[in-house]
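Have a look at the structure below before the remarks.
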Amino acid sequence: MNTTLSARERAYHDIKNAILHGDFSAGQMLSLRELSERFDCPIAAVRDAVIRLECDRLLRVHPQRGIQVIEVDLDFVREAYQLRLMIEMEGVRRIIDKVDVAALEELERRTSEALDELAGNPDAAALERAAQIDWAMHQTIVDGMRSKLVSDIYRQNRERQRLIGRAYAFHPANHAHAALSEHLPILAALKARDRERTVQLLEAHITSAMRRQIGI
């Protein structure tokens with residue numbers, strides 16, 4: 001039994017990672033047998049993984065036709081960012097009165113340092129550090145709700161945004177600098193426990209992030 005569960009988990013993670021890393025083309029048609037052979041997993045494990053990945057909105061199953069890698073169109077982009085916006089705005093409303101000011105000040109310090117790095121000619125390591133700091137602020141808001149279900153949904157949605165990043169070309173350094181610059185006033189509003197201001201800034205930030213991502 002443990003072997004079967006292990007095979008299912010391995011199939012799920014291996015196929016998901018292949019999708020997120022661009023090993024399959026958007027819209028590519030696949031079959032259970034093809035995936036089973038490629039990832040050396042039993043058909044039953046692959047079938048279970050496909051069901052889960054369809055729920056994750058990374059695959060689409062067409063009866064009698066096969067399995068299709070999701071196509072990243074504008075509807076996909078809008079839905080991903082709308083979900084992110086709904087979760088984070090609710091997060092602000094729930095945590096604003098109990099924010100950890102010291103933790104926010106540490107995020108401010110790290111954000112300012114990252115902005116200094118990005119102002120030069122950042123290498124891949126600097127961009128990765130900036131991405132982690134970007135993620136940290138948003139995850140602080142989401143995890144502050146203390147809901148594992150919400151946090152899991154948010155992380156799954158972040159994976160969709162990785163697909164969006166692959167589908168739409170953008171300049172990572174410019175994107176990171178603009179995003180982190182918008183973080184500083186959000187952090188200041190959170191520290192001041194100004195709910196209305198934080199929600200306003202966060203909505204503008206996420207909307208701007210979507211537009212930067214798809215180049216509009």
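The values are calculated or read from the model by the stated rules, or taken from the named source; none is laboratory data. Predicted, not measured: the structure shown is a model, and the values here were computed from it. Note that we place each Cβ from the backbone using ideal geometry, even for glycine, and neighbour counts take in every protein chain shown.
Of the residues making up segment 109-153, those that are of a type in the set (Asp, Glu) and in a helix (DSSP H, G or I) are Glu113, Asp116, Glu117, Glu128, Asp134, Asp143, Asp152. Close contacts from segment 6-28, counting a first residue that is among the β-branched types (Val, Ile, Thr) and a second that is modelled with pLDDT of 90 or more and part of a helix (DSSP H, G or I), with Cβ to Cβ under 9 Å and a gap of 6+ residues or different chains, come to Ile15/Leu35; Ile15/Arg38; Ile15/Phe39; Ile15/Val46; Ile15/Ala49; Ile15/Val50; Ile15/Leu53; Ile19/Leu53. In segment 173-181, the condition of being under 20 Å from Leu83 (Cα atoms), surrounded by 16 or more Cβ atoms within 10 Å (Cβ to Cβ) and touching a residue at least 12 places away in the same chain (Cβ under 8 Å) is met by at least one residue.
Have a look at Gln200, Gln156 and point out the one that is surrounded by fewer than 17 Cβ atoms within 10 Å (Cβ to Cβ) and modelled with pLDDT of 95 or more.
Step by step, each of Gln200, Gln156 is checked, and only Gln200 is surrounded by fewer than 17 Cβ atoms within 10 Å (Cβ to Cβ) and modelled with pLDDT of 95 or more.
Summed over segment 1-55, the residues that are among the basic types (Lys, Arg) and in contact with an Asp or Glu (Cβ under 8 Å, 6 or more places away or on another chain) give a count of 2.
The set of residues from segment 61-91 being under 26 Å from Arg47 (Cβ atoms) and either touching a Phe, Trp or Tyr at 6+ places or on another chain (Cβ under 8 Å) or aromatic (Phe, Trp, Tyr) (or both) comprises Val69, Ile70, Val72, Phe76. The one condition from (1) in a helix (DSSP H, G or I); (2) assigned by TED's automatic domain parsing to the domain that holds Glu196; (3) at pLDDT below 95 that Ile87 does not meet is (3). Screening Leu35, Leu59 for residues that are buried (at least 17 other Cβ atoms within 10 Å of the Cβ) and more than 23 Å from Ile153 (Cβ to Cβ) leaves exactly one candidate, Leu35.
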